[in-house]
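Chemist: Quick one: this structure, given as structure tokens, is what I'll be asking you about.
The values are calculated or read from the model by the stated rules, or taken from the named source; none is laboratory data. These numbers come from a predicted model, not from an experiment. We place every Cβ from the backbone using ideal geometry, glycine too, and count neighbours over all the protein chains shown.
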Amino acid sequence: MGAINVGFVIFPNLTQLDFTGPLQMLSRLPEGRMCIVAKDESPVPSDCGLGLVPTHTFANCPQLDVVCVPGGGGVADVLQDKATLDFVRTQAKTARYVTSVCTGAFVLGAAGLLQGRRATTHWGYTELLPMVGAVHEASRVVRDGNVVTAGGVTSGIDFGLTLLAEIAGSDVAEAAQLSMEYDPAPPFNSGSLTKARDSIQALVLPRYAKAQALYRQRLSELDL
């Protein structure tokens, strides 16, 4: 199969599980090489206090076979970061797969990579996808050509398994799933808007309304 370079583009205030969920799955790729890429070599703070150490910078990153952009609150700033958008856009030209988790989809969109594509993102932001030329599809993982997007946070684990199977075959993916004991049985049935009680939604929705307003503002400033 040959070496496969999988690159995760990280930035301050990303959601660490958006990154570490698919990283853990895709690290099981035979001949896979995980590249954790940032603007410079400094540790990158995540939104939960965990510092992340890059293995590569934009300047010395090899050509990537898989580009993955996680999401998180820091995406709002990345939408105005020319260096990051240019890096993603350039790598995407030759990558086999161009991917995102959660609101990382908007980084792909800001780089002009979602025009006319079916895509998904965190439920709190799906109505903004048309602002980057994308058509929302309600699924945890959506593939349109070589562009693969995942929904919110934990969807990144499903995305990682999906791509692992795509590249290395279902046996490799199922073995990874078993090894990691990925057999979800959550203690509460409130993992989606269709399942969460109204009182729980009332606790969560206002937070996303505020964040969505910021994203809308930043997206409206893009020249797409």
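Chemist: Would you check if there is a residue in the range 214-223 being assigned to a helix (DSSP H, G or I), within 20 Å of the chain's Cα centre (by Cα) and among the small types (Gly, Ala, Ser)?
Modeler: First, the residues of the range 214-223 that are assigned to a helix (DSSP H, G or I): 214-220.
Then keep just the ones that are within 20 Å of the chain's Cα centre (by Cα); that gives 214-216, 218-219.
Checking which are among the small types (Gly, Ala, Ser) leaves us with none.
No, the range 214-223 contains no residue that is assigned to a helix (DSSP H, G or I), within 20 Å of the chain's Cα centre (by Cα) and among the small types (Gly, Ala, Ser).
Chemist: Residues that are touching a residue at least 24 places away in the same chain (Cβ under 8 Å) and over 26 Å from GLY2 (Cβ atoms): does the range 161-181 have at least one?
Modeler: Within the range 161-181, not a single residue is touching a residue at least 24 places away in the same chain (Cβ under 8 Å) and over 26 Å from GLY2 (Cβ atoms).
Chemist: If I go through the range 168-182 residue by residue, how many of them are among the polar types (S, T, N, Q) and under 20 Å from ASP65 (Cα atoms)?
Modeler: 1
Here is a yes/no grid of residues against (1) under 18 Å from GLY74 (Cβ atoms); (2) more than 13 Å from the chain's Cα centre (by Cα); (3) part of a loop (DSSP other than H, G, I, E, B):
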site: PHE11; (1), (2), (3): yes, no, yes
site: THR20; (1), (2), (3): yes, no, no
site: MET25; (1), (2), (3): no, yes, no
site: ARG28; (1), (2), (3): no, yes, yes
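Chemist: With respect to ASP144, is the statement that it is charged (D, E, K, R) and either buried (at least 24 other Cβ atoms within 10 Å of the Cβ) or farther than 21 Å from PRO22 by Cα (or both) true?
Modeler: Against the criterion (charged (D, E, K, R) and either buried (at least 24 other Cβ atoms within 10 Å of the Cβ) or farther than 21 Å from PRO22 by Cα (or both)), ASP144 does not qualify.
Chemist: Right, another one. Among the residues of the range 183-213, write down those that are among the acidic types (Asp, Glu) and in a helix (DSSP H, G or I).
Modeler: The first filter runs over the range 183-213 and keeps only residues among the acidic types (Asp, Glu), leaving 183, 198.
Result: ASP198, single match.
Chemist: Would you tally the residues in the range 1-48 being among the small types (Gly, Ala, Ser), at pLDDT 95 or above and surrounded by fewer than 18 Cβ atoms within 10 Å (Cβ to Cβ)? Full working, then the answer.
Modeler: Of the residues in the range 1-48, the ones among the small types (Gly, Ala, Ser) are 2-3, 7, 21, 27, 32, 38, 42, 46.
Imposing the further condition that a residue be at pLDDT 95 or above reduces the set to 7, 21, 27, 32, 38, 42, 46.
Retained after the next criterion (residues that are surrounded by fewer than 18 Cβ atoms within 10 Å (Cβ to Cβ)): 27, 42.
Total meeting the criteria: 2.
Chemist: In addition: What about ASP158, is it over 18 Å from the mean Cα position of the chain (by Cα) and within 30 Å of LEU29 (Cα to Cα)?
Modeler: no
Chemist: Please go through the range 107-131 and give me each residue that is among the aromatic types (Phe, Trp, Tyr) and crowded, with 19+ Cβ neighbours inside 10 Å, ordered by number.
Modeler: TYR125
Chemist: Look at the range 163-177 and say how many of its residues are surrounded by fewer than 20 Cβ atoms within 10 Å (Cβ to Cβ) and either modelled with pLDDT under 95 or under 18 Å from the mean Cα position of the chain (by Cα) (or both).
Modeler: Looking only at that region, the number is 2.
Chemist: Being assigned to a helix (DSSP H, G or I) and either out of contact with any Asp or Glu (no Cβ under 8 Å at 6 or more places or on another chain) or at positive phi (or both) is the filter here, so list the residues in the range 153-164 that pass it.
Modeler: Here is the first cut: in the range 153-164, the residues assigned to a helix (DSSP H, G or I) are 155-164.
Passing the criteria: SER155, ILE157, ASP158, PHE159, GLY160, LEU161, THR162, LEU163, LEU164.
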